[in-house]
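To keep things clear, I will list the structure first and then write my remarks on it.
The values are calculated or read from the model by the stated rules, or taken from the named source; none is laboratory data. Because the structure is predicted, anything quoted here is derived from the model rather than measured. Don't worry about glycine lacking a Cβ; one is built from the backbone with ideal geometry, like all the others, and counts go over all protein chains shown. Please note that ligands, DNA and RNA were not included when accessible areas were found on the heavy atoms of the full protein model with its side chains. Shrake-Rupley method; radii C 1.70, N 1.55, O 1.52, S 1.80 Å.
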Amino acid sequence: MAADGSGGTTRRQALKLCVAGAAAWGLPTLAAPPHDDGALDEALRLVHDAEPKCRRGLSTHAPMVAEALCALGLSDRAVAFVRGYGGPILDLPRPSTPIDRERWRSALGPRPGAASWEDALVRWGDWKAFLLDELAAARWQDVLDTWVARLAPALASAATHGVIRTSHAARALSRRDTPERRGELARGLAYWAAAYEELPARARAAAPAASYADALARVPLHFRIHGRRPSGNIVSGLHQAGLLPGFADVRDLAAAPTDASAALSALTATFAGVYLRHGTRHDAIAFVHAITGPSALRRLAPHIRPETALAAFPYAWQAAAGIYAAYARPDDPPAAAAEPRLSPSELARRAADNGDDHAIKLTEALLVEHAVRPDPAYLAAAQDAVVRL
């Protein structure tokens, strides 16, 4: 029973669970929290209380950035960021038809031919209501594990925003269990479910590549085949990548890991290098998602079963490879040797001062990865992002 009698996890219990889970994934931990992130609850209330209106609609980054700022030790900036977050105010989908617990699969995915993204994800409101009920009735870790396992084959959905938003909420809950953070987890999972679309995949008998760099060399490129980048946004780009000859083989080009933490370090370091080669020249935001999408597993894994994390991993690789297939250009020259000049603390401050949502989220993800397994590519990519984005 929590101190408030709610039956939820107390802050001390949550911190102990967070430390234990983080240690299993090689994450840096502290004996006590480095800062008070209570401002996050106020930031989340601002977002949730405005519904069904929302800045940038379902594409909002405000709650994710607020959590990333708290993780960077800059919680004093979280509320100000949300209050100053710009963009059009859009109506979110409202609940209409309850999700049937036994037939939940029929409610997955967007509505074809819709006039807007919000109209396409018409079941978001239904999923939010369903998942709020699920989280009220069970441990949030159990709900998270169940739905990550079910939704992982569509990790690339909504250009990976569903899994990213879910992961920020899960990490926030691991620090403190509050109604606002449970509500945010419901919204992240609802986005993932309402946007559910799997990239094409077929099992392969051939031996996988020895490294992610070798696997990337076998990925078909839209630019090589069509002589141009895909049309439209990143979601559209992933659709077009999925149509490339041979793309269905991509998921199994890389070996299934036995150590998901080490494999995630190798994957994110590879794509930090991809960002430095390609994203510094064109399509920077797309290549940002090839890092922040897979790195969401770093936040999720301490709170789900090891087998769930391992089963999700091939889809994290597939999502990043799909972005590579859509936007990489074979004539981009190799990136110069990574020469980071700024410290992690300076990079965090500069990202926050920049104020761009992608700069903050990418920098936070890169700094976490660098803390797990240092690599100059992480810091070099962050150094570029805090200026470019």
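Using the Cβ-Cβ distance between residue 239 and residue 204 with R0 set to 22 Å, the FRET efficiency from 1/(1 + (r/R0)^6) comes to roughly 0.50. Using C-alpha pairs below 8 Å separated by at least 6 residues, the relative contact order for the stretch 142-233 is 29 percent. Using a probe of 1.4 angstrom and keeping all protein chains present, the accessible surface of the stretch 234-389 works out to 32 square angstrom per residue.
Can you give the charge dipole size of the chain about its Cα centre, rounded to the nearest 20 debye, using +1 on the beta carbon of Lys and Arg and -1 on the beta carbon of Asp and Glu?
Values: 44 positive and 41 negative charges, 66 e Å.
That gives the chain a dipole magnitude of about 320 debye.
Taking Cα centre as origin and charging only the Cβ of basic (Lys, Arg, +1) and acidic (Asp, Glu, -1) residues, the dipole magnitude of the stretch 44-103 rounds to 140 debye.
May I ask you to give the percent of accessible area on the stretch 30-176 that is carbon plus sulfur, with a probe radius of 1.4 Å? Its accessible area is 52 percent carbon and sulfur atoms. Measure off, as a whole percent, the carbon and sulfur share of the 1.4 Å-probe accessible area of the stretch 320-389, all protein chains present. Carbon-and-sulfur percentage of accessible area, whole number: 51. Counting only DSSP H runs of at least 4 residues, each contributing -39500 (n - 2.57), and dividing by the residue count of the chain, the helix-based mean residue ellipticity at 222 nm comes to -17000 deg cm²/dmol. Residues considered: 205, 325, 377. Largest GNM mean-square fluctuation over the chain, using C-alpha springs under 10 Å, is found at 205.
Figure the gain on full extension for residue 106 and residue 373 (residue separation times 0.36 nm, minus the Cα-Cα span) and round it to one decimal in nm.
Extra length available between residue 106 and residue 373 comes to 92.0 nm.
The listed residues 122, 368, 387 rank as 387, 122, 368 when sorted by accessible area, largest first, using a 1.4 Å probe. Distance from the C-alpha centroid of the stretch 209-236 to that of the stretch 35-111: 31 Å, rounded to the whole angstrom. Positive-end ranking of 212, 135, 185 along the dipole of the chain, with charges on Cβ about the Cα centre, is headed by 212. Accessible area of residue 343 (1.4 Å probe, protein heavy atoms only, ligands and nucleic acids ignored): about 50 Å².
Within the chain, the whole DSSP H helices whose Cα atoms reach 27 Å or more along their own axis and whose mean Kyte-Doolittle score is at least -0.5 are 306-327. Measuring nothing but how far apart in sequence close Cα pairs (under 8 Å, 6+ apart) lie, relative to its length, the chain scores a relative contact order of 18 percent.
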